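Enquirer: Shown below is the structure under consideration.
All of the numbers you see were taken from the coordinates with simple rules; none came from a lab. A quick note: this is a predicted structure, and the numbers were derived from the prediction, not measured. With ideal geometry, Cβ positions are generated from the backbone for all residues, glycine too; neighbour counts draw on all protein chains shown.
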Amino acid sequence: MTHTRTWTTIFSGLLLLAGFSFGQQTLNILTHWGEELHRGPMERMVATCEAEVGVSANVRTVPFGDLFTTIVTGRAAGIAPDIYHLYNLWLPEFTGEGGMLAAPPQEAIDHITAHVAPAVVEGISAGGQVWGYPTEVNTYLLIYNKRLLEEAGYDAPPSTWDELKEIAAAITQVDATGAVTQVGFGVLPGWDSGVVHPFASLLFSNAGEYLTEDMTATAFDSPEGIETLQLYADLLENGGMDMSVAGWELPNGIVGMVVMANWWRATLRASEAIDYDTEVGVAPVPVGPSGSQSMTLSYNWLWSVDASSASQDTAWEFLHCLNTEAEPGHGSPSGQFLVEALGAIPSFEYDQEAHAEALGDFFLQAFVDSTQFARPEPVVAGGQEVKTILQGEIESVLIGATDPATALRVAGVRGDDVLEEMQR
Amino acid sequence: MKMARVTPAYEGPPRRFGIRWTPRRQRTFWAYVFVSLPLLGLLLFFVGPIAFGLWVSLNDWNMVTPVTQMRWRGLDNYVYLLTRDPIFPRAMANTFAFAAGGVTVNVVLGLSLALLLNQSIRFKPLWRVLYFLPVMTAPLALAVLFGFLFNRNYGLVNDFLVSLGIARQPFLSHPDQALLVIIAIAIYQYVGYYIVIYLAGLQGIPKELYDAASVDGANAWQRLGYITLPLLKPVTLFVVVTNTIGALQVFDIVFATTGGGPANRTMTVVLYMYDTAFKFSRMGRASAMAFILFLIILIITLVQLRLLRDRTRG
């Protein structure tokens, strides 16, 4: 009798567990938004749509530097998640022949194209196909430390490269032992985007091009490109820049200026060395001698679904929930997360309107405004490799191993080889 | 009447599957059965991936498209790396420089410190632990630590140089100094391991040899040159070969300190392989690099074994 009761209890328990597991589908999500300050808003965003769609979401986070590797190795190992958060530069690799992404349903594409700026739609497309829901838009502007500029005798940021060089040199300080205690302008060596995105923003502001119009060859090996890289060489020569102090040190109060993206806002706000409200300034990228107006580069991220996922329909439903407004004027859960946790610019117009006050912050407002004239980073097969090649050559100039013209010629030849091979 | 007892004729060991199972055959059979299991594992998890890697090195594959859709490239990946790639020769040169510097210093320093620790000194176990501690430390943690130590503006090393009247050095951001710093980090981490190996070798040398040499009037240097070093040659062979193999595969320290920069001046073969595979999605080219590196390590190891073993025997 006792045995019968025990077995009945176990069997009922198993049935209950089975009921739970069969009753609720689980979606696996992979993203790089994994910092401590992202966790709470992320849980709230996901919980909203778990309840709405009736699924359980398992969010896995990895640092940005490991995201690409995690995606490709996970897929090769057959443990791909259902939903990815992707950097748009990777789209050509992920969507070519036998690609890994599922195309969104037509109604999702219609919704996206109706509520997102054409430049963003272009950014999340490859091969003429939209591949998911856009999330953050990032552009680059000149971020500066007002206090350091004022101490150097300047009350306004530079608007031209000549001014940039002059102010940077005035800010730099070296102590009696030869230690650089503060530097005027900082670059972000050792990281391809950190080197190439600011370079491209300065290049565009000097009327230069990154790739040719048909995106089949590089175009940075031009007089405008050489002038851009010469700016770095000049800054090194006049002391406005020093390779021992990277741009990352701006939140520590020892770098005067850096060309950087809006996603840095959370770090600047959290800084204890500088006061975000009174000391951080944002200005357009200074204009070069061959340019006539300030320009910048933009890039996008998007949510997309794995083509091998058994839960594709549910995944798209979940993403639709994340990216649409439950009530007009309230914005989407994803938009709420982007503004609250990252201080990023959401892609959907209703999110920008719903969070107009937060986006009206002096810092974000400048970046929101810059999306009107920003040029999307060219999304092309081999783009990542070209970027890394250019990074290496820019760093060659920064360490004094070569001159700007040679560096860009070498990068151009190698970059063209990559693009040509990818086209074949 | 007496019945004769009939004993059936012996037909030998039982036959099964057409085989006569003698005790010797049975033992052989079971030996093969037991050996086949690890062999199967070896084939599945070692030989299989190597063969697959070789196949991938002859193709173009980005890990995203199905394996069946790889594009055949023949020897193109090898030809590109050996004739056209500007980074691969630099990575190879950096790797050789790292290995040559690291192995030389590890042998000299490892042996010297082992000789000191083999003397009658106070707190001997403490010294041994202190030298071995870096071996137990994660390379990434060491890389971060050395990043601070060698910082141009606030690093202790530069503060020390300034106190000596020497100008501050950029170290990790300098094209010529960065690799030297990385070699120094690797030596700091691994010399303790080689000290332990040399200590074991030193303690295996019979004391009577030193006593006899002393009686014959040999001084300390002569004892070192005629007894210690010759008898440590097998240990030196082990240290040189294992250290060379490890050094040619260096990755973690470079990845964490410079990422191969500045401007690829500290790029090593394995780091370039990693970038090629997981940053540029060129698994074919990365696999080709792996096989080229394997061949180089094999040749160097064979040469080292030949040179050092012959001398040991001589």
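Enquirer: In Å and from the alpha-carbon atoms only, list the Rg and Dmax of region A:261-358.
Expert: Every Cα atom of region A:261-358 included, Rg and Dmax give 17.9, 55 Å.
Enquirer: Give me B:124, A:165, B:233, B:207 sorted ascending by neighbouring Cβ count inside 10 Å, so fewest comes first.
Expert: B:207, B:124, B:233, A:165
Enquirer: Relative to the compact-globule scaling 2.2 N^0.38 Å, provide the ratio for the alpha-carbon radius of gyration of chain A.
Expert: Numbers: Rg = 24.0 Å, N = 424, 2.2 N^0.38 = 21.9 Å.
In units of the globular-protein estimate, chain A measures up at 1.10.
Enquirer: Moving on. If you filter region A:214-287 for GluC sites (Glu not before Pro), then keep DSSP loop positions with at most 10 other Cβ within 10 Å, what is left?
Expert: Taking region A:214-287 and a limit of 10 other Cβ atoms within 10 Å, the loop GluC sites (Glu not before Pro) found are A:272.
Enquirer: Let me ask something else. To check you understand DSSP bridge types, tell me what percent of the beta bridges within the protein assembly as shown (both residues inside) are antiparallel, rounded to 5. Intermediate values should be presented prior to the final figure.
Expert: Values: 33 of 48 bridges.
For the protein assembly as shown, the DSSP antiparallel bridge percentage is about 70.
Enquirer: How would you rank A:257, A:45, going from fewest to most other Cβ atoms within 10 Å of each one's own Cβ?
Expert: Listed from fewest to most nearby Cβ atoms, that is A:45, A:257.
Enquirer: For chain A, take the longest principal axis of its alpha carbons; what is the angle in degrees between that and the long axis of helix A:2-23, to the nearest 10 within 0 to 90?
Expert: For A:2-23 against chain A, the angle is about 40 degrees.
Enquirer: Neighbouring Cβ atoms within 10 Å as the yardstick, rank A:276, B:193, B:226 fewest first. Don't skip to the answer; put the middle values down first.
Expert: Values: A:276 16, B:193 20, B:226 13.
Ascending Cβ contact count within 10 Å gives the list B:226, A:276, B:193.
Enquirer: Shifting gears a bit: Apply 1/(1 + (r/R0)^6) to the Cβ-Cβ distance of residue A:277 and residue A:330, taking R0 = 41 Å, and write down the FRET efficiency to the nearest 0.05.
Expert: 0.90
Enquirer: Could you tell me how many degrees, from 0 to 90 and to the nearest 10, lie between the Cα long axis of helix A:161-171 and the main elongation axis, the longest principal axis, of the Cα atoms of chain A?
Expert: On a 0 to 90 degree scale, this one is about 90.
Enquirer: Here is a further query. Hey, rough spin-label estimate for residue A:36 and residue B:130, points 7 angstrom out along Cα→Cβ, what's it come to in nanometres?
Expert: Each label point lies 7 Å from its Cα, and together they span 3.5 nm.
Enquirer: Can you give the percent of C-alpha pairs in the protein assembly as shown whose distance is more than 52 Å?
Expert: 26 percent
Enquirer: Further question: Test of understanding: in a Gaussian network model of chain B with alpha carbons linked when under 10 Å, which of B:162, B:105, B:241 would top the mean-square fluctuation ranking?
Expert: B:162
Enquirer: Please work out whether region A:287-420 counts as rounded, prolate or oblate from its C-alpha gyration tensor, where a ≥ b ≥ c are the square roots of the eigenvalues and a/c under 1.5 means rounded, while otherwise a/b larger than b/c means prolate and anything else oblate?
Expert: Taking the square roots of the gyration eigenvalues as a ≥ b ≥ c, region A:287-420 is oblate.
Enquirer: Suppose every K and R has +1 on its Cβ and every D and E has -1 on its Cβ; what is the size of the dipole of region B:56-184 about the Cα centre, in Debye to the nearest 20?
Expert: Values: 9 positive and 5 negative charges, 63 e Å.
The dipole of region B:56-184 has a size of about 300 debye.
Enquirer: When you have a sec, figure out the Kirkwood radius of region A:193-339 from all distinct Cα pair distances and drop it here in Å to one decimal?
Expert: This gives a value of 18.8 Å.
Enquirer: What's the magnitude of the charge dipole for region B:49-127 around its Cα centre, counting Lys and Arg as +1 and Asp and Glu as -1 at the beta-carbon? Answer in Debye, nearest 20.
Expert: Computed charge dipole of region B:49-127: roughly 300 debye.
Enquirer: Taking the Cα centre of region A:340-415 as the origin and placing charges on Cβ (Lys, Arg +1; Asp, Glu -1), which of A:410, A:392, A:372 is farthest toward the positive end of the dipole?
Expert: A:410
Enquirer: Taking the inverse of the average 1/r across all pairs of different Cα atoms in region A:349-415, what Kirkwood radius in Å do you get?
Expert: For region A:349-415, inverting the mean 1/r across all distinct Cα pairs yields 14.9 Å.
Enquirer: Between 0 and 90 degrees, rounded to the nearest ten: what's the tilt of helix A:36-53 against the longest Cα principal axis of chain A?
Expert: Helix A:36-53 and the main axis of chain A meet at about 40 degrees.
Enquirer: Is the shape of region B:165-314 rounded, prolate or oblate, going by the alpha carbon gyration tensor and its root eigenvalues a ≥ b ≥ c, with a/c under 1.5 for rounded and a/b larger than b/c for prolate?
Expert: Working: a/c = 3.55, a/b = 1.81, b/c = 1.96.
In terms of gyration-tensor shape, oblate.
Enquirer: Would you please state which residues of region A:225-267 a label at residue A:150 would reach in this model, taking the label point 7 Å out along Cα→Cβ and a backbone N cut-off of under 18 Å?
Expert: A:251-257
Enquirer: Once a ≥ b ≥ c are taken as the square roots of the eigenvalues of the Cα gyration tensor of chain B, is the result rounded (a/c under 1.5), prolate (a/b larger than b/c) or oblate (a/b not larger than b/c)? Show your work: numbers first, answer last.
Expert: Values: a/c = 2.80, a/b = 1.31, b/c = 2.13.
It comes out oblate by the Cα gyration axes.
Enquirer: Between residue B:7 and residue B:35, 0.36 nm times their residue separation minus their Cα-Cα distance comes to what?
Expert: 6.0 nm
Enquirer: Using amide H atoms built in the peptide plane, which far-off residues or other-chain residues are under 5 Å from residue A:287 H to H?
Expert: Residues meeting the amide H criterion: A:160, A:161.
Enquirer: Same structure again: Would you mind working out the magnitude of the charge dipole of region B:165-314 relative to its Cα centre, with +1 at each Lys and Arg C-beta and -1 at each Asp and Glu C-beta, to the nearest 20 Debye?
Expert: Once rounded to the nearest 20, the dipole reads 360 debye.
Enquirer: Then there is this: Name the helices (complete DSSP H segments) of chain B with a Cα length along the long axis of 24 Å or more and a Kyte-Doolittle mean of at least 1.0, or state none. It would help to have the intermediate numbers written out before the result.
Expert: Working: long enough: B:23-42 (29 Å, 0.33); B:87-117 (43 Å, 1.57); B:178-203 (38 Å, 1.83); B:283-313 (44 Å, 1.16).
Length and hydropathy pass: B:87-117, B:178-203, B:283-313.
Enquirer: Something else: Let me see the P(r) profile for region B:172-260: every Cα-Cα distance counted, bins of 10 Å, each bin given as a percent of all pairs.
Expert: 14, 33, 24, 18, 9, 2
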